[in-house]
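Worksheet: one structure, shown below.
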Amino acid sequence: MSLSRRELIKLAGLAGAGGLLGRISGATAATRPIAWRNWSGAQAALPAQRFAPASEDELAGWLRSARGVVRPVGSGHSFSALVPTDDNIVSLSRLSGLIDHDPATLQAQFWAGTPMSQMGEPLKQVGQGLVNMADIDYQSLAGAIATSTHGTGPRFGSYSSYVTGLRLLTADGQALDCDAGNHPEVFNAARCSLGALGLVTRVRMQNRKAFRLHSRQWVADTNELLEQLPELIHKHDHFELNALTHADVSVALAMDETDNPETITKEAGGDGTKIALLQWIHQQYRHWPRMRAGMLNFIARHLIDFPDALDDSFRVFANVRDQRFHEMEYEVPAEAGAACLREVLAKIRDSKVDTFFPLEFRHVKADDVTLSMFQGRDSCAISVHQFYTMDYHNVFAQIEPIFWKYDGRPHWGKLHTLNARQLQPLYPKWKDFIDVRQALDPHGKFLNPHLRSLFGIS
């Protein structure tokens, strides 16, 4: 049933009472400050306490007593400042693994701290597979749905869109079991919450039968690929392109379901060698743009091998990222995707923007999740990267206004500069989320400075 106004007020009162209790300590909580840093190194914190509960009951008790701000942390793969706080950081890494599954509905429930990389094999053992996956599987399940992390394919939504139920621990430690029929307003908000409503401990996902994928890559002229885009996304289950900056070509990637029992494993060692080569060319020829473009075009077409992969879906979807980077990503309306990408590439070329990482270009299906970047519209996701040792501020500052021009929504887990004033007009259900958040956490127990800026809370 729907969460009534009276219930919202009651929850608000309970959450407020929870904030008056004192902090507990225990063997599972760090007794001295331990620094935290995200994967790219751009975000850091020295919280007063880091906590890793072994059970929901332990987490609920700790929440009732925790003083100050509480921020959840997964793998640290978000680039934006979602985690940093001087108070409390809590990890759900000990709440991990498959809880149960339903062979009739092809749904499965996992602990929220489960790494996405550890979901594929257990699901395969029960005959299931995730409908779609991102190309990085380092994230925790809770972190992936909190930011509407996604893969590619115009017929496939983000992880958040496949959530059919979840358990949320509120500021007072109360457990809310939410789905489309039970607390639906909370459910829709919690499917992409940025960790601002409470702590998600269990997630039920809608899956499909286990399946295999065949992945193919090839190099082609970027403009030609964009002209062929309607045909390519219709022909392939999953299609994306990685556009080389300061060049004229892109690496196209297509993945399609297959019954072929043969196994062709992905190349070992990740993308480090290719990225190192791009970096070397960039450094050697940065003052000769035409020569650099010619070198990049030639090497991509003739000297770099892009082998096929054929395996279980979860092994083909995921890639090893052994080169760190900073990332900005915006989701623009699907019909504007190609034009936006062309303009971003032109800005990088004409302004001599100092970056050598390829740009990612992917399609994502619309959903009805309150704060999802894909709420109400099919989208193209365009990702811009900067090597982790290089300054990203100038690069992103030059490119970000192009995304604004195309009504882009920033990926919640990636770097951007927007606050509540710019974000609210982009989300038709913005107020719905704000109302739920205020009812569940009126005193801002789960809000760090970054989230306060996003939601316009002083």
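How big is the dipole moment of the chain about its Cα centre under a simple scheme where the beta carbon of each Lys and Arg is +1, that of each Asp and Glu is -1, and everything else is neutral? Debye, nearest 20, please.
Computed about the Cα centre, the dipole is about 1380 debye.
Largest first and to the nearest Å, give the Cα extent of the range 212-410 along each principal axis.
49, 42, 31
With the Cα gyration tensor of the chain in hand, give its eigenvalues times 5 under a square root as the equivalent ellipsoid semi-axes, listed largest first in whole angstrom.
37, 25, 21
Just subtract the alpha-carbon distance of D308 and I264 from 0.36 nm times their residue separation and send over the number in nm, one decimal.
Stretched out fully, the D308 to I264 stretch lengthens by 15.1 nm.
Taking Cα pairs under 8 Å and at least six residues apart, what relative contact order does the chain come out at, in percent?
Computed over the chain, the figure is 18 percent.
Quick check on the range 246-350: what are the equivalent-ellipsoid semi-axes from the Cα gyration tensor, as sqrt(5λ), descending, whole Å?
They are 28, 20, 14 Å, listed largest first.
Go ahead and run the numbers for FRET between R155 and N394, Cβ-Cβ distance against an R0 of 30 Å, rounding to 0.05.
That gives a FRET efficiency of 0.20.
How large is the Kirkwood hydrodynamic radius of the range 56-177, counting all unique pairs of alpha carbons, in Å?
That comes to 15.6 Å for the range 56-177.
Hey, can you rank 333-340, 47-54, 155-162 by average C-beta count inside 10 Å, highest first?
Order by mean packing, descending: 155-162, 47-54, 333-340.
Take the cross-link list K235/K352; K347/K414; K266/K414; K209/K274; K209/K414; K266/K365 and give me the ones stretching past 25 Å between alpha-carbons.
Those over the limit are K235/K352; K266/K414; K209/K274; K209/K414; K266/K365.
Modelled label-to-label distance, T105 and D368, 7 Å Cα→beta-carbon offset: nm?
About 1.6 nm, to one decimal.
Have a look at the DSSP beta bridges in the chain and tell me what percent are antiparallel, nearest 5.
90
Using only DSSP helix segments of four residues or longer, with each worth -39500 (n - 2.57), what per-residue ellipticity at 222 nm results for the chain after dividing by its residue count and rounding to 500?
That comes out to -8500 deg cm²/dmol.
Would you list which aspartates and glutamates come within 20 Å of K405, measuring only between C-alpha atoms, while excluding same-chain residues fewer than 8 positions from it?
By straight Cα distance, K405 reaches E327, E329, E331, E335, E343, D350, E360, D378.
The numbers here are math on the coordinates, done by the rules we state, and not lab data. The model shown is predicted, which means the values in this text are computed figures rather than measured ones. With ideal geometry, Cβ positions are generated from the backbone for all residues, glycine too; neighbour counts draw on all protein chains shown.
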